[in-house]
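The values are calculated or read from the model by the stated rules, or taken from the named source; none is laboratory data. Note that this is a predicted model, so its numbers are computed, not measured. Reconstructed Cβ throughout: ideal geometry from the backbone, glycine too, with neighbour counts over all protein chains shown.
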Amino acid sequence: MQVNEEKLNEINNNSLQTVQPSEGMVLKNEVIVRKNSRVTADDVRKLESLQEAYRRQKIRKSPLEEMFLTLGLLLFIFVVIFLANHYYGVQSKEAKIPVADFLPVNLGFLLLVIFTVLSNFVLSLNNLIIPFAMIAIAGAILVNFEFGLLYSVCNILVISPFLSWETFTPVLMLLSTVMCLLILKRQNAWHEYLMIWLYLLISLAVVTLCLGIYKRDTLMTILRYLSYDFISASLSVTGILLIVPFYEKKWNRATKQTLLELLDFNHPLLKRLATEAVGTYHHSLVVGNLAEHAAEAIGANPLLARVGSYYHDIGKVINPEIFTENNEDSGDIHSQMEPEESAQLIRNHVTEGIALAKKYKIPQPVIDIIMEHHGDSIIRYFYEKAHKEGKELDKDVYRYPGPRPQTKEAAIVMLADIVESTTKAKEIENEEDIAKIIDATIHYLLQEKQFDDAPLSMQDLKKVKQSFIPVLDSIYRKRLDYPEP
């Protein structure tokens, strides 16, 4: 028997033409299924057909409707981004924030949107692999826990339009990220990156299991979701490892962990200070104590103030013997020099401190304090000495290179530095003696306009004074003369 291919094709074509392309009809404005009613198989077929019709015909709204929808979406995203930027600016505690400082916040949004678009539209991957937690946790490490929470919510709102406003993926991402942030705060493990990965993976797994059980997903579906969680957690932590150091270097910031590492007395620079300039070392410790208390009192960064105090005089390790706190006979050295020569050596400890800090890779915020802790004030002792000797005076020769303090922390260190040295040189009978020293120092620095560029108010200076007094009183008040045993 032989098949007649031509006849067979003709029969098949005739049969296909008799098949109706559609079954039934849905009229315009007809209700397919009502709220809270049982959905039948016929209803499901109608809804699937409607979805297919939208996809194939690409039914579009009128240009005016499209314009309003686009404007509404842009306004929504703008408000969310503005909220995150506003909080970032408020918590910085700086009087004037350069526009460039807001760039990291917005780059975080952009990076997450790029990941979402690549996953959803370009590579057609599952959205659960998007490293959503990367941006929020990095924000918490670099700014604070509260910013991390706000940033996670804002990020979800920004990427939701790119996820077609579905709920499962955003809910899973948000809940797992918040859960991880809470664990990291409780365990204080912000810089233990292996633990961040573990806590994030656990958070993702817990939320995935809960949502999977709620949705009655099959075991295989849940296991597939868990594999996506593993990828997402790994990508997030890898991204954090890249983002945090880049941010610190590019925007001259120092994280809490970096500052804590600088407080380690085994740090090479602190060890040099402790062995080569003992007096300066002990002076710096007291200044650090004063600065930390003052920073807490006025809402500045206590940790940065203490670290800046520890390192503000590291340049003195170059010529420690010319400074009184290290050598009681330093006056003999200066008596053999011209006043301008002595002033040059004294002011060099600032520039040499900056060079040492850069050599040892000290972060820029600490270098700024080293640079600014004397501002552009005059080295009064040698200036007055030159005046008494009748020499021609050029104030710039006797002036520190500056600039003046630009931050609260630098201004606090400047004040604590002078007050501690002055108090140590005086005989203190009571708190009033200390208060007079602080008042005189503040008055002098205000006259010299050293605080003009720092975001300090008179109320701040009053709080700083009140925080200094008990610390200095406990250290330098005259003790009772106990009888010999």
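Here are the numbers for this structure:
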quantity: Criterion violated by V105 - all others in (1) of a type in the set (V, I, T); (2) touching a helix residue (DSSP H, G or I) at 6+ places or on another chain (Cβ under 7 Å); (3) modelled with pLDDT of 85 or more satisfied; calculated: (3)
quantity: Every pair of residues 6+ apart whose Cβ atoms lie under 6 Å, when the first sits in the range 146-164 and is free of Cβ contacts under 8 Å to residues at least 40 places away in the same chain while the second is not aliphatic (A, V, I, L, M); calculated: G148/G139; S152/T177; I156/P170; S160/P170
quantity: Unique residue being in a helix (DSSP H, G or I), surrounded by fewer than 23 Cβ atoms within 10 Å (Cβ to Cβ), under 32 Å from the mean Cα position of the chain (by Cα) and at pLDDT below 95 when the list is L303, L285; calculated: L303
quantity: Every pair of residues 6+ apart whose Cβ atoms lie under 6 Å, when the first sits in the range 462-485 and is surrounded by fewer than 12 Cβ atoms within 10 Å (Cβ to Cβ) while the second is in a helix (DSSP H, G or I) and modelled with pLDDT of 90 or more; calculated: none
quantity: In the range 358-381, residue farthest from the chain's Cα centre (by Cα) [restricted to those that are in a helix (DSSP H, G or I) and surrounded by fewer than 23 Cβ atoms within 10 Å (Cβ to Cβ)]; calculated: Y381
quantity: Test result for E429, modelled with pLDDT of 85 or more, assigned by TED's automatic domain parsing to the domain that holds G308 and among the charged types (D, E, K, R); calculated: no
quantity: Count - residues of the range 263-282 that are farther than 26 Å from L142 by Cα and in a helix (DSSP H, G or I); calculated: 11
quantity: Options L260, L290, L242: the member that is part of a helix (DSSP H, G or I), within 19 Å of E325 (Cα to Cα) and not aromatic (F, W, Y); calculated: L290
quantity: Leading residue by the ranking (surrounded by the most Cβ atoms within 10 Å (Cβ to Cβ)) among those in the range 395-425 that are in contact with a Lys or Arg (Cβ under 9 Å, 6 or more places away or on another chain) and among the charged types (D, E, K, R); calculated: K408
quantity: Options E292, E321, E261, E296; residue that is assigned by TED's automatic domain parsing to the domain that holds H374, among the acidic types (D, E) and surrounded by 19 or more Cβ atoms within 10 Å (Cβ to Cβ); calculated: E292
quantity: Single residue of A454, A425, A411, A435 found to be touching a residue at least 24 places away in the same chain (Cβ under 8 Å), over 23 Å from D368 (Cα atoms) and among the small types (G, A, S); calculated: A435
quantity: Matching entry among Y383, Y360 (being over 22 Å from G308 (Cβ atoms) and in contact with a helix residue (DSSP H, G or I) (Cβ under 8 Å, 6 or more places away or on another chain)); calculated: Y383
quantity: Enumeration of residues in the range 444-461 that are of a type outside the set (D, E, K, R), within 19 Å of I298 (Cα to Cα) and surrounded by fewer than 19 Cβ atoms within 10 Å (Cβ to Cβ); calculated: L446, P455, S457, M458, Q459
quantity: Residue pairs meeting the criteria (Cβ under 9 Å; at least 6 apart or on separate chains; first free of Cβ contacts under 8 Å to residues at least 60 places away in the same chain, in the range 327-341; second small (G, A, S)); calculated: N327/G279; I333/S342; H334/S342; E338/A386; P339/A386; E340/A386
quantity: Residue check for D396: free of Cβ contacts under 8 Å to residues at least 12 places away in the same chain and of a type in the set (D, E, K, R); calculated: yes
quantity: Evaluation of V317 against (1) in contact with a Lys or Arg (Cβ under 7 Å, 6 or more places away or on another chain); (2) β-branched (V, I, T); (3) modelled with pLDDT under 95 (one fails), failing number; calculated: (3)
quantity: Criterion violated by H387 - all others in (1) under 36 Å from the mean Cα position of the chain (by Cα); (2) assigned to a helix (DSSP H, G or I); (3) surrounded by fewer than 22 Cβ atoms within 10 Å (Cβ to Cβ); (4) not charged (D, E, K, R) satisfied; calculated: (1)
